[in-house]
Amino acid sequence: MTSPGEPGPGTFTYAYPRPALTVDCVVFGLDVDDLKVLLIQRRLEPHQHMWALPGGFVRLDETLPDAARRELAEESGITDVYLEQLYTFGALDRDPRERVVTVAYYALAKLSDHRIRAATDAERVAWFALDGLPRLAFDHAKIVERAIERLRGKVRYAPVGFELLPPRFTLTQLQRLYEIILMQPLDKRNFRKKLLSMDLLIETDEVEQGVRHRAARLYRFDKKKYEKLTRQGFSFAI
């Protein structure tokens, strides 16, 4: 005899109702002076024409990360980005259609690397400054809030911020990145001393191009060395 909720003999199915499962993606991009979030304008109800995060329902034959990457590519044209699972949101009333649980991800994208385009059930797609977001559909404002909290915490102990910079960057660009994400000024001397002491920045023989001020030296992040040091117990801390 089976208990309520257990599979019946020979059926391999469950008796209780199951919620729908979706994924939603908070994609951050760095502009000169602010952090931006990628949004799509919904083509369909519910919340038709409202701005929302890229995302959608998970198919039975795909993993959660695969679903997140597929939805991101289908609705915005963005592919090949740093993607990390963020949090699961399951409030009972978060979707007016039915009980829907969403697994949220956050992604980091270089603005210059991606040509965004709206497709499938997205009318439009656009970058919005973090401090100028429109009213969002569903509980997406809460998801964005949780994502920025995660990003601000993680840049202090992992080099994820380099995913937002071009392959070669100046130390000023690097410092500005941290100041924008952390929303606080950083002492120039101490910041550079700390980063350079880690020996993870490779100085190139290139300098900035097309600037009116004195051209600064360009650096690149040594990802292979970082991964090797991490296996040895290295701690990246800002």
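Sorting Leu195, Leu53, Leu133 by the number of Cβ atoms found within 10 Å of their own Cβ, with the fewest placed first, yields Leu133, Leu195, Leu53.
Placing a pseudo-label 7 Å from each Cα along the Cα-to-Cβ vector at Leu44 and Gln232 gives an inter-label distance of 5.3 nm. Note on Lys188/Phe57: beta-carbon distance plugged into 1/(1 + (r/R0)^6) with R0 of 45 Å gives a FRET efficiency of 0.40.
Legend: residue pairs Lys36/Lys225; Lys154/Lys188; Lys154/Lys194; Lys142/Lys224, Cα-Cα distance threshold 27 Å; pairs beyond threshold, Lys36/Lys225; Lys142/Lys224.
For a quick check: sort His213, His47 by the number of other beta carbons within 10 angstrom, fewest at the front.
Details: His213 7, His47 17.
Going from sparsest to densest Cβ surroundings: His213, His47.
Ranked by the mean number of other Cβ atoms within 10 Å of their residues, highest first, the peptides 222-232, 17-27, 151-161, 86-96 fall in the order 17-27, 151-161, 86-96, 222-232.
Provide the FRET efficiency to the nearest 0.05 for the Asp121-Arg156 pair, computing r from the beta carbons and using R0 = 35 Å.
The value I calculate is 0.40.
Rg and Dmax over the alpha-carbon atoms of the chain stand at 21.3, 80 Å. For segment 20-154, the calculated P(r) over all alpha carbon pairs, in 5 Å bins from 0 to the bin holding the longest distance, is 2, 11, 22, 26, 23, 11, 4, 1, 0 percent. Cross-link partners for Lys193 among the aspartates and glutamates, with Cα-Cα distance under 19 Å and sequence neighbours closer than 8 places in the same chain left out: Glu179, Glu203, Asp222.
Placing +1 at every Lys and Arg Cβ and -1 at every Asp and Glu Cβ, with all other atoms neutral, what dipole size does the chain have around its Cα centre, in debye to the nearest 20? The partial results should precede the final answer.
Values: 37 positive and 34 negative charges, 199 e Å.
Around 960 debye, computed over the chain.
All distinct Cα pairs of segment 114-238 go into the 1/r average, and the inverse of that average, the Kirkwood radius, is 17.1 Å. Given a Förster distance of 35 angstrom, what is the FRET efficiency for Asp131 paired with Tyr14, based on the Cβ-Cβ distance and rounded to 0.05? According to the calculation, E is roughly 0.20.
The residue among Pro54, Pro96, Leu151 whose Cα reaches farthest toward the positive pole of the charge dipole of the chain, with charges on the beta-carbon of Lys, Arg, Asp and Glu, is Leu151. Summary of the geometry: segment 22-57 and segment 121-199, compared by the centres of their Cα atoms, lie 17 Å apart. Each principal axis of the Cα cloud of segment 159-231 was evaluated for its coordinate range; sorted largest first, these ranges are 42, 30, 21 Å.
All other residues whose Cβ lies under 13 angstrom from that of Lys193 are scored, Lys and Arg at +1 and Asp and Glu at -1, for a net of +2.
A short reminder: the numbers here are calculations on the coordinates, not readings from a lab. Quick caveat: nothing in here was measured; it's all calculated off a predicted structure. Methodologically, a virtual Cβ is constructed for each residue, glycine included, from the backbone with ideal geometry; neighbour enumeration extends over all protein chains shown.
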